[in-house]
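The values are calculated or read from the model by the stated rules, or taken from the named source; none is laboratory data. Remember, predicted model here, so these are calculated numbers, not experimental data. Using ideal geometry, Cβ is built from the backbone for each residue, glycine included, and neighbour counts are taken over all protein chains shown.
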Amino acid sequence: MAVESHQLTPGAGNNVGMNPASRDSGLSAPAYGLLLGHTRCHYCYSQTPTAALWVSSFVETDKEDVVDLGDGALLHYIEYLDEGAAAFVRGHAPWLRPASTRTSGQTYLAHHCTTCGAIQGDHFVFSPDGPYWPQDNGDLSRLRFIEGPGALIARASAGQSAWMDRVTHVCSRE
Ligand SMILES: [Zn+2]
């Protein structure tokens, strides 16, 4: 089966090349953090760390219009982060780096295996077989939570599930 990550190529080593959110469109959140887990590299089969960017709630706007909003969510296909959040991610999850898709040219923060460097696409990391589909609070408590410093501006897709509202109560904190 073709996995989306096979269509990815490594991008620049920092946020250069990521398009900033325009002033009046993007996603904003009052609080965020990283949820750390593990997955098995699809290429070398080593255990490799994962980090999901969690937001406590979010509002997504396009021009003046609110196009989506909700409570706890994970951000997928992150195309842009404000500098504070980008620095936070680089500090705690340096294996999350920009990579671009060959097909669409879209650049987003993608997981890179810490053993072999292979890109683990979001389609793979956030699949039901990945670390971010906890079945109960026991599963959820095995994810480590690192609270971010304040609010966040991003361009990304927000994915919501009921467990994402329980993160700050259930997950162990660093
Ligand atoms: Zn690997």
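Of GLY121, GLY72, GLY105, which residue is small (Gly, Ala, Ser) and at pLDDT 95 or above?
Values: GLY121 fails: at pLDDT 95 or above; GLY105 fails: at pLDDT 95 or above.
Residue meeting the stated conditions: GLY72.
For the stretch 6-37: of the residues being modelled with pLDDT under 55 and aliphatic (A, V, I, L, M), which is surrounded by the most Cβ atoms within 10 Å (Cβ to Cβ)?
The residue in question is LEU8.
Output yes when any residue across the stretch 117-137 is within 19 Å of CYS41 (Cα to Cα), among the polar types (S, T, N, Q), more than 16 Å from the ligand (Cβ to nearest atom) and in contact (Cβ under 8 Å) with a residue 12 or more places away in the chain, and no when none is.
no
Here are THR101, THR107: which of them is of a type in the set (S, T, N, Q) and touching a helix residue (DSSP H, G or I) at 6+ places or on another chain (Cβ under 7 Å)? It would help to see each step written out before you state the result.
Numbers: THR107 fails: touching a helix residue (DSSP H, G or I) at 6+ places or on another chain (Cβ under 7 Å).
Among THR101, THR107, only THR101 is of a type in the set (S, T, N, Q) and touching a helix residue (DSSP H, G or I) at 6+ places or on another chain (Cβ under 7 Å).
Considering only the stretch 127-143, state which residues are charged (D, E, K, R) and in a loop (DSSP other than H, G, I, E, B). Before the answer, list the steps.
Pass one, the stretch 127-143, residues charged (D, E, K, R): 129, 136, 139, 142.
Those that are charged (D, E, K, R) and in a loop (DSSP other than H, G, I, E, B): ASP129, ASP136, ARG142.
In the stretch 96-126, which residues are surrounded by 15 or more Cβ atoms within 10 Å (Cβ to Cβ) and part of a loop (DSSP other than H, G, I, E, B)?
CYS113, ALA118, GLY121, PHE126
Can you pull out every residue in the stretch 30-76 that is free of Cβ contacts under 8 Å to residues at least 24 places away in the same chain and assigned to a strand (DSSP E or B)? I'd like the intermediate steps shown before the answer.
Kept after step one, since they are free of Cβ contacts under 8 Å to residues at least 24 places away in the same chain, are these residues of the stretch 30-76: 40, 45, 47, 65-67, 69.
Within the stretch 30-76, ARG40, GLN47, ASP65, VAL66, VAL67, LEU69 meet the criteria.
Do you know which residues across the stretch 38-65 are within 16 Å of the ligand (Cβ to nearest atom) and modelled with pLDDT under 95?
Correct list: HIS42 only.
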